[in-house]
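**Student:** Following this message is one structure expressed as structure tokens.
The values are calculated or read from the model by the stated rules, or taken from the named source; none is laboratory data. Here the structure is a predicted model, which is why all the values come from computation and not from measurement. Cβ coordinates were reconstructed from backbone atoms using ideal geometry, including for glycine residues, and neighbour counts include every protein chain displayed.
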Amino acid sequence: MTISKNISGKIEDSIVETIESINAIVEQRGIQYFIVGAKARDLFFSALYDIDTRRATLDVDIGIHSKNWEEAANLVDALIQSGGFERNKKLHFRIKHISGVLVDIIPFGDVENPKGVIHWPGDEKEMTTTGFDEAFESSIKLRIKDEPPLDVKICTPPALVVLKLIAWDEKYPERSDDAIDIKYILETYIDAGNDDRLYGDDDDLHDEDDFDYTRLSARIVGRNIVKIVSRDTLDTVLQILDWETNDKSDYKLITDMNRSHGSFQGEYFDSTLQLLQQLKKGIRERITS
């Protein structure tokens, strides 16, 4: 676990209040959790590195390491009973803080059956949780409040790419926002404290015939993904990337990645395809090295 970095005073009060309310109940019950989804993206890029995330969110996704569904459901009930949250009439694991912030609780760990899959109680829907364990183990700790001190774990950008890519693939066409976030992370990661790697761990990238700062950002993300996830998870990621970048593909991922531009063909298509190819290259070269 990376040591805590202080981003106190750089986050919306409503987000801090929401996480503080969750943390109090979760700690009482000895449940481990971390922040995933778009809010993890915002905390890392915007709060920690002052990089505009373009699509900030006030929603919070919380991954909880849960032994079983009873433990997870009891946690949600305890949050409601605390008086700080309202229950969603349709979705038991979606709640709303009194500040208006929406919170989705995502159980993973022993609750998975089979490994990498959860079945939401009350219906037959399932969700792939492949990569959640690795994302939790590789999370970083941020201090979001000084007095009293409040430290929370957040999903790192490389792990977030893994989770969002798998979620996009599983739920297509419902999760185009995940694709947009993937593109943002691939393009921006090098600016978030990683440019010095071109003179250190990744100095071999200077030898590239066609040196491009943005494409190398995606390459570094790929190399970092190999450091944090299992081979099975890597195989899942590569299977998706191989299909979405081959010449027989419908390029659905690239289309969604560029949805905010309203353009599929031309320069956006070419540059986005290259991003994915560099991500894949970064993964493959570290698997074999």
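**Student:** Of D151, D209, D177, which residue is more than 24 Å from T18 (Cα to Cα) and of a type outside the set (A, V, I, L, M)? Don't jump to the end; show me each part of the working.
**Tutor:** On the way: D151 fails: more than 24 Å from T18 (Cα to Cα); D177 fails: more than 24 Å from T18 (Cα to Cα).
So the residue among D151, D209, D177 that is more than 24 Å from T18 (Cα to Cα) and of a type outside the set (A, V, I, L, M) is D209.
**Student:** So T156 fits all but one of (1) within 25 Å of V226 (Cα to Cα); (2) without any contact (Cβ under 8 Å) to a residue 60 or more places away in the chain; what number is the exception?
**Tutor:** Failing condition for T156: (2).
**Student:** Next up: Which ones in the stretch 152-209 are crowded, with 17+ Cβ neighbours inside 10 Å, among the charged types (D, E, K, R) and over 15 Å from Y49 (Cα atoms)?
**Tutor:** K153, K164, D169, D177, D178, D181, K183, D202
**Student:** Which of (1) touching a Leu at 6+ places or on another chain (Cβ under 8 Å); (2) in the same structural domain as V229 (by TED's automatic domain parsing) does A135 not meet, given it meets every other one?
**Tutor:** Failed condition: (2).
**Student:** Moving on. Looking at Y213, Y251, which is the one that is assigned by TED's automatic domain parsing to the domain that holds D270, over 18 Å from the mean Cα position of the chain (by Cα) and exposed (fewer than 14 other Cβ atoms within 10 Å of the Cβ)? Full working, then the answer.
**Tutor:** Values: Y251 fails: exposed (fewer than 14 other Cβ atoms within 10 Å of the Cβ).
Y213 is the lone residue from the list that is assigned by TED's automatic domain parsing to the domain that holds D270, over 18 Å from the mean Cα position of the chain (by Cα) and exposed (fewer than 14 other Cβ atoms within 10 Å of the Cβ).
**Student:** While we're looking at this one, here's another question. Which of the residues that make up the stretch 121-143 are modelled with pLDDT of 95 or more and not in a strand (DSSP E or B)?
**Tutor:** T129, T130, G131, F132, D133, E134, A135, F136, E137, S138, S139
**Student:** Here's another thing I want to ask about it. On the given criteria, is E112 in a loop (DSSP other than H, G, I, E, B), more than 16 Å from the chain's Cα centre (by Cα) and surrounded by 14 or more Cβ atoms within 10 Å (Cβ to Cβ)?
**Tutor:** So E112 passes the test.
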